[in-house]
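Shown next, in structure tokens, is the structure this report addresses.
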Amino acid sequence: MRAARLIKMVLLLQTRASMTAAELARELEVSERTITRDAQALSEAGVPVYADRGRTGGYRLIGGYRTRLTGLARSEAEALFLSGVPGALREMGLEDAASAARLKVSAALLPSLKDASRSAAQRFLLDAPAWFAEPQTPVLLPAVAEAVWDDRRITARYRRDGTDVERELEPYGLVLKAGVWYVCARVTGPGTFRVYRLDRFTSVTADSRRFDRDEAFDLPGFWAEQAELFARSLLRATVVVRLTEAGARRLRHTVDPLSAQEALDGAGPPDGEGRVTLTLPVESYDVAYTQLLSLGPEAEVLEPAELRKRFSEAAARTAAYYRDPD
């Protein structure tokens, strides 16, 4: 633990001209007294750490000293590629590894490129959770993440239809979608790949055995395929709707974009009033009612008859609200 802290201290001093004891203590999460002892230990080991006294003093490296301790550990290199997703790093327990990796990269850069990491951080940030939703980090995420990195089997218990189910899984990858964590895993035995929501896991036990990863497995491709299948599985009903030009433009922002586009592509030519009639796949009539109601007079539901009746009643109630009292 102390050796890692000493290396980090050298890298910090190498990337900055000078740092006070308070600044070092804050970065390394230790006391200023510990910083004094660490600086002395580095000096005794041959690292030219010099302490400037006084109000503007601090610690610095002299003589253009450059450490060769810049090789990245595997976990640090992997974490570095995720450094644009700070929240995800923190939730998976990789924040320290990413910090160490960034320091090592900064220490190896030329002086003219020292501000590259800060410049990039001020120009790009990935904020994964959806608006108006408080992200909930699954308690078992760090354990699953560790198993994913180490290619270790896990025995997981999860909730399904009100009951607990136990599965032995080979966790291939993690996906963060709109603030929700999923694990893509192969079920031991059948060998089929499935997707599980981590917040439904009730327990996870990591196995000491490693599994042989299928190198042909493509996480982005698998997730895209599963996400499309899931979206289509929800669309169990259809409605026939007539849209104005404005309604057709807004449809993609009201219902599932893929089903909206397919319905628009399959629509016939506009009628004499410029409206198009199309058949739209929907999750249910209740969902379709809520979604299409937002289009107001830009949409007219033709079928089924019971849904058209609901819209007719809603339109009558709405018109009554705005009727001139005179």
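The values are calculated or read from the model by the stated rules, or taken from the named source; none is laboratory data. Quick caveat, the model's predicted, so the values are computed rather than measured. Using ideal geometry, Cβ is built from the backbone for each residue, glycine included, and neighbour counts are taken over all protein chains shown. Only protein heavy atoms, including side chains, enter the accessible area calculation; ligands, DNA and RNA are left aside. Shrake-Rupley method; radii C 1.70, N 1.55, O 1.52, S 1.80 Å.
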Determine the pairs where a residue that is assigned to a helix (DSSP H, G or I), located within the range 262-291, has a partner that is open to solvent by 40 Å² or more (accessible area, probe 1.4 Å) with Cβ atoms under 6 Å apart, the partner being 6 or more residues away or on another chain. Tyr289/Arg310
For the range 248-299: of the residues being out of contact with any Ser or Thr (no Cβ under 9 Å at 6 or more places or on another chain) and among the acidic types (Asp, Glu), which is surrounded by the fewest Cβ atoms within 10 Å (Cβ to Cβ)? Asp265
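Looking at the range 234-247 only, could you name the residues that are outside any strand (DSSP E or B) and either touching a Phe, Trp or Tyr at 6+ places or on another chain (Cβ under 9 Å) or open to solvent by 40 Å² or more (accessible area, probe 1.4 Å) (or both)?
The answer is Leu234, Leu235, Arg236, Glu245.
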Which of the residues that make up the range 54-63 are open to solvent by 40 Å² or more (accessible area, probe 1.4 Å) and at pLDDT 75 or above? Arg60, Ile62
Keeping to the range 226-266, report how many residues are among the acidic types (Asp, Glu) and in contact with a helix residue (DSSP H, G or I) (Cβ under 8 Å, 6 or more places away or on another chain). 2
Within the group Thr238, Thr254, which residue is among the β-branched types (Val, Ile, Thr) and over 28 Å from the mean Cα position of the chain (by Cα)? Thr238
(1) touching a Leu at 6+ places or on another chain (Cβ under 6 Å); (2) surrounded by fewer than 18 Cβ atoms within 10 Å (Cβ to Cβ): which one isn't true of Ala41, the others all being true? (1)
If you go through the range 75-91 one residue at a time, do you hit one that is in a helix (DSSP H, G or I), within 37 Å of the chain's Cα centre (by Cα) and modelled with pLDDT of 60 or more? yes
In the range 160-172, anything surrounded by fewer than 18 Cβ atoms within 10 Å (Cβ to Cβ) and either closer than 14 Å to Phe222 by Cβ or without any contact (Cβ under 8 Å) to a residue 12 or more places away in the chain (or both) is listed as Asp161, Gly162, Thr163, Val165, Glu166
Qualifying residue in the range 302-310 (condition: aliphatic (A, V, I, L, M), open to solvent by less than 40 Å² (accessible area, probe 1.4 Å) and touching a residue at least 40 places away in the same chain (Cβ under 8 Å)): yes
Can Ala231 be described as part of a helix (DSSP H, G or I), closer than 20 Å to Arg308 by Cα and without any contact (Cβ under 8 Å) to a residue 40 or more places away in the chain? no
Of the residues in the range 179-232, those that are among the small types (Gly, Ala, Ser) and either touching a Leu at 6+ places or on another chain (Cβ under 9 Å) or open to solvent by 60 Å² or more (accessible area, probe 1.4 Å) (or both) come to Ala185, Gly189, Ser203, Ala206, Ser208, Ala216, Ala231
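Taking the criterion of being outside any loop (DSSP other than H, G, I, E, B), at negative phi and at pLDDT 75 or above, would at least one residue in the range 64-74 satisfy it?
Going through the range 64-74, the residues outside any loop (DSSP other than H, G, I, E, B) turn out to be 74.
Add one more test, that the residue is at negative phi, and what stays is 74.
Pick out the ones that are also at pLDDT 75 or above and you get none.
Among the residues of the range 64-74, not one is outside any loop (DSSP other than H, G, I, E, B), at negative phi and at pLDDT 75 or above, which makes the answer no.
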Taking the stated definitions as given, is Glu313 open to solvent by 40 Å² or more (accessible area, probe 1.4 Å) and over 31 Å from the mean Cα position of the chain (by Cα)? yes
Would you mention how many residues in the range 248-261 are under 17 Å from Leu229 (Cα atoms) and part of a loop (DSSP other than H, G, I, E, B)? 2
Tabulated pairs, the range 177-198, first closer than 17 Å to Arg152 by Cα and part of a loop (DSSP other than H, G, I, E, B), second open to solvent by 50 Å² or more (accessible area, probe 1.4 Å) and among the acidic types (Asp, Glu), C-beta under 9 angstrom, 6+ apart or interchain: Thr188/Glu168; Gly189/Glu168
